[in-house]
């Protein structure tokens, strides 16, 4: 099993006495944060974002933007930051501790360290490789407040911010404990934000020929319109694993965070989170974490050349399709036939079919999975 990123598995959860003391403090400054930032707080506190103990300092932020690494040279590509407006920043400057709230709930205590300004255009260009506001990540960056605040965070409320689908949620410590109890030493992580089709199933199962186990780890959280809804993804994988996967070789767990659509940079970020969960390997397919045509199809695989010290091994897969002549799911590396024999397995094509009320063929998707989708009036984010 892999060591956590930076060899530190962070766990920052206050004990009951500390929680009581903070919550009874009438003078403590209270700051409201979004559900997405609250999710980052949870993932920091439980170690999914190890070795981060809080939001990035100015030094680390600049290093991540300019080099794709923390200031200590550890690979890190996505800035985890807390942005605040000028009035809140002004009130926080005299505060040592700040109570972070989300939707009226006390989430965490933050030990304020520093405040700093930043260049949104530079941030967008670095993380998303574009400043086009039609990119959802760029649009979000441009809508952020002008001040970032750093500091360590400690979780107060260990009830999930997003209680949906929490039965499959595992912390790194829980996940690693399961891996150890099963004696798994080589574990392949699979990131997804899509309903599984047969190409997904093929590449997931193929790794079981060479490694001990597979962690199917769908991302649960804010996504763009057109993506599959979280509950549809989870139900689809429930029936797929129940009917078609070896139960003693596969673990299904959810990862609760937002999609950033940062393509190559997010592929590295996704790999780091799975490394913290205990995975030794990570699947990177075509257009990983991409959106529209902002990234080249295999840019997310190419970026791993820049991170030989990442500490988790990527497994690269080509694009798959169904070949009528081969009578199976294949790739260009395996199939000699031209495109006239192909049934493409793109998520875009399947979404289009389903939105028109068409039932995908069993050559493309398992019937049990299709049944799940068809039960939903609107299976996609609107």
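Computed from the coordinates by the stated procedures, all read-outs in this text should not be read as laboratory data. Note that the coordinates shown come from a computational prediction; the quantities given were computed from them, not determined experimentally. Backbone-built Cβ (ideal geometry, glycine too); neighbour counts: all protein chains shown.
With each label modelled as a point 7 angstrom along the Cα→C-beta vector, the residue 208-residue 376 pair spans 2.4 nm.
Plugging the Kirkwood radius over Cα pairs into Stokes-Einstein for the chain, at a temperature of 20 °C and a viscosity of 1.002 mPa s, what D comes out in µm²/s? The calculation lands on 98 µm²/s. I need the Debye-formula profile for the range 144-228: one equal scatterer per C-alpha, no solvent, reported as log10 I(q)/I(0) at q = 0.14 1/Å, two decimals. Ignoring solvent entirely, the Cα scatterers give -0.75.
Shown for the range 5-155 is the translational diffusion coefficient from the Stokes-Einstein equation, using the Kirkwood radius over Cα pairs, a temperature of 25 °C and a viscosity of 0.890 mPa s: 153 µm²/s. Nearest 10 degrees, 0 to 90: what angle lies between the long axis of helix 58-67 and the longest principal axis of the chain (Cα atoms)? Helix 58-67 and the main axis of the chain meet at about 30 degrees.
If R0 equals 25 Å, the separation of the Cβ atoms of residue 181 and residue 231 corresponds to a calculated FRET efficiency of about 0.30. Here residue 144 and residue 35 are evaluated by their C-beta separation; at R0 = 22 Å the FRET efficiency comes out at 0.90. Sequence-distant contacts, meaning Cα pairs under 8 Å at least 6 residues apart, place the relative contact order of the range 117-239 at 20 percent. When peptides 42-49, 287-294 are ranked by their average number of other Cβ atoms within 10 Å per residue, the highest-first order is 42-49, 287-294.
What the Kirkwood sum gives for the range 166-374 is a hydrodynamic radius of 17.7 Å, with every pair of different alpha carbons counted.
Here the relative contact order of the range 166-374, from alpha carbon pairs under 8 Å that lie six or more residues apart, stands at 23 percent. Can you tell me the orientation of helix 172-182 relative to the chain, as the angle in degrees between its alpha-carbon axis and the longest Cα principal axis, to the nearest 10? Result, in degrees: 40.
The distance from the alpha carbon centre of the range 119-154 to that of the range 248-297 is 20 Å, rounded to a whole number. Does anyone have the angle between helix 35-45 and the longest principal axis of the chain? Alpha-carbon axes, 0 to 90°, nearest 10? On a 0 to 90 degree scale, this one is about 80. Full extension of the chain between residue 362 and residue 114 yields a length gain of 83.7 nm, computed as 0.36 nm times the residue separation minus the alpha carbon distance. Here the contact order of the chain, divided by its residue count and restricted to Cα pairs under 8 Å and six or more residues apart, works out to 18 percent.
Modelled spin-label separation between residue 325 and residue 17, with each label point placed 7 Å from Cα along the Cα-to-Cβ direction: 7.5 nm.
Where both bridge residues fall in the chain, DSSP classifies roughly 55% of the beta bridges as antiparallel. Between the alpha-carbon centres of the range 167-216 and the range 17-84 there is a gap of 27 Å.
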